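This report refers to the structure that appears directly beneath it.
The values are calculated or read from the model by the stated rules, or taken from the named source; none is laboratory data. Just so we're clear, the structure is a prediction, and the values are computed from it rather than from any experiment. Quick reminder, even Gly has a Cβ in these numbers, built from the backbone with ideal geometry, and neighbours come from all protein chains shown.
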Ligand code: ADP
Ligand code: ASP
Ligand code: MG
């Protein structure tokens, strides 16, 4: 046995039913033959949405939401248990644990409906249930294959701050806890199966890392354990040149840099949680994105330098359900502190600013946030600018929810003139109106704002404009593990 340690994360579709969980177990078993492996698991697909939906209904006073939820959870999870675990004792134990967790969430929903109050802390407890169930299922499937495996709650490993709904890890404490809990298991040849998405404060209150946060859990643990590599198993071949649901001819990228992957994730490539690369970039731990439904394919490798291509542009991404807010008026010219006031107001509404654009004349400041945060932000802006609006120094605060952000991403765009120009003229030729533009000083991306209804077309035309559907080099094709090795 070598010192190799892999952290393998399985997303919702990769554990979506009993057959998928069996496939995940086989992948882990193969890895365990070569070294240590830690599994990180998402909830079965659809479960987290259902949990949150039931929590919200309960908050509205729906006394039955918890019961309906419990029924569907039972159906989905017991079906998988039937398929995966055949030993009577093991099956009995797993069924009992599953039932207990389902009863717990039913109780939480019941309490919420009686109080008609859903605190962020209770919402986190309810939404964490999917991972708590699936980790036990996968551990059961591994035991069935004759491997030692133990489901471990990430509340014992990942120490976070207290920001419910999008908690941040405290890495030093996490390192300590993860090592002392998982090393002994690894040393005895067991596979820890850790719940993704969740953590706990230093005093033990459960938190969650944000939707899609199991990717982040995997790299947090990868860094905490000094893993050799992190593999994120999902339902596509890797990171593609565009979302394959929008661009069917999108290609799998063979190797990209941490910066490119972070930029892609930030600008809407759902395949990775936006914070995924943060914990591992400094330690240069490679991250792979691979297809659990086609494990023979190599996938995308994310490394320090990536694989530079001459053409610069690597991928096109898009973010929808965002809102453009403009603070404007002639009085803004020379009015000190407008930008500071604007962004303080957004911060006070807990809104994450995705893109900022200001005309050089200074008549307008516009920025984009998630639509869910728009109403709160506008309220804070109106309070902050109450005086200026009354004196007409600020003439308007306008809101446009009917937009999206499209981003052209690549490492080598720096120093390559004309990418912004090509982007604008490609869209101009198709009569796609550009509402605002922004280019980060890093030059990893050019992002622009277009009407929401033009999202698909804009991404498709830009994908074509930069020739991304064609193979950039032999490295960019979808190769099998065998063909790469040879
Ligand atoms: P998981 O459940 O495994 O975490 P997700 O649904 O969160 O999987 O992410 C995978 C999905 O991300 C893919 O099915 C694909 O539709 C979408 N996606 C969006 N942009 C990209 C991209 N550039 N490359 C790959 N997948 C993408
Ligand atoms: N189950 C969580 C979600 O759906 C976390 C994840 O799947 O990454 O958001
Ligand atoms: Mg995901």
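For residue 276, indicate whether it is in contact (Cβ under 8 Å) with a residue 24 or more places away in the chain, surrounded by 20 or more Cβ atoms within 10 Å (Cβ to Cβ) and touching a strand residue (DSSP E or B) at 6+ places or on another chain (Cβ under 6 Å). In short, no. Restricting the stretch 271-307 to residues that are in a loop (DSSP other than H, G, I, E, B) and under 14 Å from residue 409 (Cβ atoms), the residue that is farthest from ligand 3 (Cβ to nearest atom) is 306. Cβ-Cβ contacts under 9 Å between residues 6 or more apart (or on different chains), taken from a first residue in the stretch 223-246 that is within 17 Å of residue 20 (Cα to Cα) to a second residue that is within 6 Å of ligand 1 (Cβ to nearest atom) and not in a loop (DSSP other than H, G, I, E, B), are listed as 233/14; 234/13; 234/14; 235/13; 235/14. When 183, 177 are checked against the criterion of being more than 21 Å from residue 136 (Cβ to Cβ) and more than 14 Å from ligand 2 (Cβ to nearest atom), a single residue qualifies: 183.
Residue count for the stretch 260-277 satisfying the condition of being out of contact with any helix residue (DSSP H, G or I) (no Cβ under 6 Å at 6 or more places or on another chain) and over 14 Å from residue 289 (Cβ atoms): 4. Does residue 128 satisfy being closer than 29 Å to residue 59 by Cα and in contact with a helix residue (DSSP H, G or I) (Cβ under 6 Å, 6 or more places away or on another chain)? So residue 128 fails the test.
Looking across 230, 152, 159, one residue alone is touching a strand residue (DSSP E or B) at 6+ places or on another chain (Cβ under 7 Å), within 16 Å of ligand 1 (Cβ to nearest atom) and either within 22 Å of residue 315 (Cβ to Cβ) or modelled with pLDDT of 95 or more (or both). It is 230.
Please verify whether residue 337 is free of Cβ contacts under 8 Å to residues at least 60 places away in the same chain and either surrounded by fewer than 22 Cβ atoms within 10 Å (Cβ to Cβ) or in contact with a strand residue (DSSP E or B) (Cβ under 7 Å, 6 or more places away or on another chain) (or both), treating the condition exactly as stated. So residue 337 passes the test.
Annotation for the stretch 56-67: no member residue is without any contact (Cβ under 8 Å) to a residue 60 or more places away in the chain, under 20 Å from the mean Cα position of the chain (by Cα), surrounded by fewer than 18 Cβ atoms within 10 Å (Cβ to Cβ) and on the phi > 0 side of the Ramachandran plot. From the list 323, 342, the lone residue that is at pLDDT 95 or above and either under 29 Å from the mean Cα position of the chain (by Cα) or part of a strand (DSSP E or B) (or both) is 323.
Applying the criterion of being touching a residue at least 60 places away in the same chain (Cβ under 8 Å) and buried (at least 21 other Cβ atoms within 10 Å of the Cβ) to the residues of the stretch 256-265, the residue that is nearest to ligand 2 (Cβ to nearest atom) is 264.
Scanning the stretch 22-53 for residues that are in contact with a strand residue (DSSP E or B) (Cβ under 8 Å, 6 or more places away or on another chain), more than 16 Å from ligand 3 (Cβ to nearest atom) and part of a helix (DSSP H, G or I) gives 27, 28, 31, 32.
Among the residues of the stretch 173-217, the ones that are surrounded by fewer than 22 Cβ atoms within 10 Å (Cβ to Cβ) and within 16 Å of ligand 3 (Cβ to nearest atom) come to 3 in all.
Inspect all residues belonging to the stretch 162-170 and state whether any of them is more than 19 Å from the chain's Cα centre (by Cα), at pLDDT 95 or above and closer than 20 Å to residue 350 by Cβ. Yes: the stretch 162-170 contains one or more residues that are more than 19 Å from the chain's Cα centre (by Cα), at pLDDT 95 or above and closer than 20 Å to residue 350 by Cβ. Where strands (runs of 3 or more DSSP E) fall entirely within the stretch 197-237, those with at least 2 residues that are farther than 14 Å from residue 178 by Cβ, in contact with a helix residue (DSSP H, G or I) (Cβ under 7 Å, 6 or more places away or on another chain) and within 16 Å of ligand 2 (Cβ to nearest atom) are at 206-208, 229-234. Within the stretch 3-17, does at least one residue satisfy the condition of being more than 14 Å from ligand 2 (Cβ to nearest atom), over 25 Å from the mean Cα position of the chain (by Cα) and either more than 22 Å from residue 214 (Cβ to Cβ) or touching a residue at least 60 places away in the same chain (Cβ under 8 Å) (or both)? For the stretch 3-17, residues more than 14 Å from ligand 2 (Cβ to nearest atom), over 25 Å from the mean Cα position of the chain (by Cα) and either more than 22 Å from residue 214 (Cβ to Cβ) or touching a residue at least 60 places away in the same chain (Cβ under 8 Å) (or both): present. Considering only residues in the stretch 242-255 that are out of contact with any strand residue (DSSP E or B) (no Cβ under 6 Å at 6 or more places or on another chain) and more than 16 Å from ligand 3 (Cβ to nearest atom), the one that is farthest from residue 212 (Cα to Cα) turns out to be 249. Within this structure, residue 14 passes the test of being within 16 Å of ligand 3 (Cβ to nearest atom), modelled with pLDDT of 95 or more and buried (at least 17 other Cβ atoms within 10 Å of the Cβ).
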